[in-house]
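I have placed the structure first, in the form of structure tokens, so that the comments after it can refer back to it.
The values are calculated or read from the model by the stated rules, or taken from the named source; none is laboratory data. Quantities reported herein were computed from a predicted structural model and do not represent experimental measurements. Cβ: placed from backbone, ideal geometry, glycine included. Neighbour counts: every protein chain shown. Please note that ligands, DNA and RNA were not included when accessible areas were found on the heavy atoms of the full protein model with its side chains. Shrake-Rupley method; radii C 1.70, N 1.55, O 1.52, S 1.80 Å.
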Amino acid sequence: IDFFTSFLNTLFVAVVSTLLVLFFCSLAGFAFAKFEFPGRNLLFMLLLVTMMIPSQLSLIPSFMIMQKLGWVGTFKALIVPGMANAFGIFWMRQYAMGAVHDELLSAGRIDGCGHFRLFWNVALPVLRPALAFLGIFHFIGSWNDYLWPLVILTDPAKYTLQITLSQLNGIYNTDYAMVMAGTLMATLPLLVLFLLVSRQFISDIAAGAFKE
């Protein structure tokens, strides 16, 4: 079992997917919160409806779509479908409604900012605590994901860490020392991530509470 290759595969998928989720979800959430456009409320209601559907129900349709695109067995099938998930957009929208004040946007428009510059230069720095939480939440979910990689990956060289750990359990016997060692090594990056991001997360919340 090539443990370290699967470790690097999981790290690549988790990091890339988390960065894409942070960008697209914050952009969509900011648009839903601060811009008026036709059908905004209807689209947001449809977004909430998708959150109520169990992910297991979309497993077969998602696999068929990946098969049509020729993405079965590739990392694109693990990264692209979750770039803009409903919970991330909902979370960023709710946070942006209270944190990004209309006065800031008006000041940005007076300075000549377009829609994207308003998002990038004005809203994004204010949304850092929400981005920190969403980043931790999605990274942990992507790191621990087992079912979808098990279904979509066909090449053992591209297996993620959770699939590799499941192969440590033998049919007739199990080397529990090896299983526990692999589980510990799989948990260490999550602990490091939390220690790095939680300090920024807590400091931003404390700064916001102090200003209020």
Condition met for THR18 (of a type in the set (Ser, Thr, Tyr) and outside any loop (DSSP other than H, G, I, E, B)): yes
Show me the helices (runs of 4 or more DSSP H) found entirely inside the range 65-177 where at least 1 residues are more than 27 Å from ASN41 (Cα to Cα). 76-79, 102-110, 128-144, 147-152, 161-166
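Let's see how each residue does on (1) open to solvent by 70 Å² or more (accessible area, probe 1.4 Å); (2) under 20 Å from the mean Cα position of the chain (by Cα); (3) under 18 Å from PHE12 (Cβ atoms):
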residue	(1), (2), (3)
MET64	yes, no, no
ALA86	no, yes, no
PHE90	no, yes, no
ASP102	yes, no, no
ARG109	yes, no, no
ARG117	yes, no, no
PRO129	no, yes, no
HIS138	no, yes, yes
TRP148	no, yes, yes
Check the range 4-22 and report whether any residue there is exposed (fewer than 13 other Cβ atoms within 10 Å of the Cβ) and touching a residue at least 24 places away in the same chain (Cβ under 8 Å). no
Unmet criterion (only one of (1) open to solvent by 60 Å² or more (accessible area, probe 1.4 Å); (2) touching a residue at least 12 places away in the same chain (Cβ under 8 Å); (3) not aliphatic (A, V, I, L, M)) for GLY73: (1)
For the structure I just gave you, tell me whether SER58 is touching a Pro at 6+ places or on another chain (Cβ under 7 Å) and either closer than 24 Å to ASN9 by Cα or not aromatic (Phe, Trp, Tyr) (or both). no
Subset of the range 32-59 (residues that are in a helix (DSSP H, G or I), open to solvent by 70 Å² or more (accessible area, probe 1.4 Å) and under 27 Å from GLU103 (Cβ atoms)): ASN41, LEU43
Which numbered condition in (1) out of contact with any Phe, Trp or Tyr (no Cβ under 9 Å at 6 or more places or on another chain); (2) open to solvent by less than 60 Å² (accessible area, probe 1.4 Å); (3) free of Cβ contacts under 8 Å to residues at least 40 places away in the same chain is the only one that LEU165 fails? (1)
Taking the options TYR95, TYR159, name whichever one is modelled with pLDDT of 90 or more, surrounded by 19 or more Cβ atoms within 10 Å (Cβ to Cβ) and closer than 14 Å to ALA33 by Cα. TYR95
Going by what's in this entry, would LYS76 be described as within 18 Å of the chain's Cα centre (by Cα) and among the charged types (D, E, K, R)? yes
